[in-house]
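Everything on this sheet refers to the single structure shown next.
The values are calculated or read from the model by the stated rules, or taken from the named source; none is laboratory data. Values in this document were obtained by computation on a predicted structure and should not be read as measured data. Please note: Cβ atoms are built from the backbone with ideal geometry, for glycine as well, and neighbour counts cover all protein chains shown. For accessibility, only protein heavy atoms count, side chains too; no ligands or nucleic acids. Shrake-Rupley method; radii C 1.70, N 1.55, O 1.52, S 1.80 Å.
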Amino acid sequence: MTKLQWSLVGGSILLFAILYFGCERKDPNLGALEKTRALQTESTDIKILLQEARSSLSVGDRNSVLVLEDDLAETLVDSAKIDALKKLSGKWFDFEQYAIAGYYAQEIATLDEKEESWSIAGTTYTICLQRSTEERIRSFCTGRAITAFENAISLNPEEMRHRVNLALCYAENPPQANPMQGIQMLLELNQNDPDNVLVLNTLGRLAIRTGQYDRAIERLTRANQLQSDNRTTICLLAQAYDGKGDSANAANFAAQCRARLN
């Protein structure tokens, strides 16, 4: 993955166990416990996914992957391994094999144990979750995304972005036992920090998705009052007013949205 791709993935707000702000910064047992839990319930195996993904490639693409895999196998120093893993993750990302790209991003995070690396792994798995139509792959990526974001939270409990991303994993693929878990997590974040623009925007986006345009406008208007130059808020307000059928406000915010995209 190029530096630009890693920056975009790392900074993405996607659509990525609630830990409260006062908790200890890092529980040394959390990552292992969450990884064990995820692996116990996985719907498929990474070896199977790798085999299937390789077989889907052209001969040239398969050879390019094999070269990178050989480079990784011959690398002993962690810093060099991370560089090799980034190349593999980027290659599979380019092939739109997001589960495999996420796996190699997760291997990076396991090596360097950095908050942002776990966030990138979680975000990559979330892209897999959003774009895959096969349930076993969606389930695989959901579990791994949750683990990655929980590990990021354990390293930096105050970073709201990780909490929002975690909630969105549950909202994107709701657990059968609690289909409202993702929304409940976001509402709790909003209750704890009612003026957080990221949370308000996320709730507004989800309200638009479910046709609750008045609720979306209420939350997004508050976000706009708090941060009038936030492009995401403005563009979402255009969608919300358009969905409601308020053409005048929709046109106004759509013009502002376009102006900020240029």
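If I ask for residues that are over 18 Å from Val164 (Cα atoms) and touching a helix residue (DSSP H, G or I) at 6+ places or on another chain (Cβ under 8 Å), which ones from the range 188-221 would you list?
Matches in the range 188-221: Gly211, Tyr213, Asp214, Arg215, Ile217, Thr221.
Of the conditions (1) open to solvent by 10 Å² or more (accessible area, probe 1.4 Å); (2) touching a helix residue (DSSP H, G or I) at 6+ places or on another chain (Cβ under 7 Å), Cys169 satisfies every one except a single condition; which number is it?
(1)
How about the range 24-129: which helices (runs of 4 or more DSSP H) wholly inside it have at least 2 residues that are at pLDDT 95 or above? Spell out how you get there, then give the answer.
Values: elements: 30-40, 46-55, 59-73, 78-94, 98-112.
Helices (runs of 4 or more DSSP H) meeting the threshold: 46-55, 59-73, 78-94, 98-112.
Of the residues Asn201, Asn165, Asn156, Asn190, which single one is of a type in the set (S, T, N, Q), in contact with an Asp or Glu (Cβ under 7 Å, 6 or more places away or on another chain) and modelled with pLDDT of 95 or more?
Values: Asn201 fails: in contact with an Asp or Glu (Cβ under 7 Å, 6 or more places away or on another chain); Asn165 fails: in contact with an Asp or Glu (Cβ under 7 Å, 6 or more places away or on another chain); Asn190 fails: in contact with an Asp or Glu (Cβ under 7 Å, 6 or more places away or on another chain).
Just one listed residue meets the conditions, Asn156.
Looking at the range 116-127, which of its residues are surrounded by fewer than 24 Cβ atoms within 10 Å (Cβ to Cβ) and in contact with a Ser or Thr (Cβ under 9 Å, 6 or more places away or on another chain)?
Answer for the range 116-127, where residues must be surrounded by fewer than 24 Cβ atoms within 10 Å (Cβ to Cβ) and in contact with a Ser or Thr (Cβ under 9 Å, 6 or more places away or on another chain): just Ile127.
Out of all the residues in the range 136-162, which are open to solvent by 10 Å² or more (accessible area, probe 1.4 Å), of a type in the set (D, E, K, R) and either part of a helix (DSSP H, G or I) or within 25 Å of Thr210 (Cβ to Cβ) (or both)?
Within the range 136-162, Arg136, Arg138, Arg144, Arg161 qualify.
Would you confirm whether or not the range 130-138 contains a residue that is closer than 21 Å to Glu159 by Cα, touching a helix residue (DSSP H, G or I) at 6+ places or on another chain (Cβ under 7 Å) and of a type outside the set (Asp, Glu)? Spell out how you get there, then give the answer.
Our first condition is that a residue be closer than 21 Å to Glu159 by Cα; within the range 130-138, this holds for none.
Scanning the range 130-138 turns up no residue that is closer than 21 Å to Glu159 by Cα, touching a helix residue (DSSP H, G or I) at 6+ places or on another chain (Cβ under 7 Å) and of a type outside the set (Asp, Glu).
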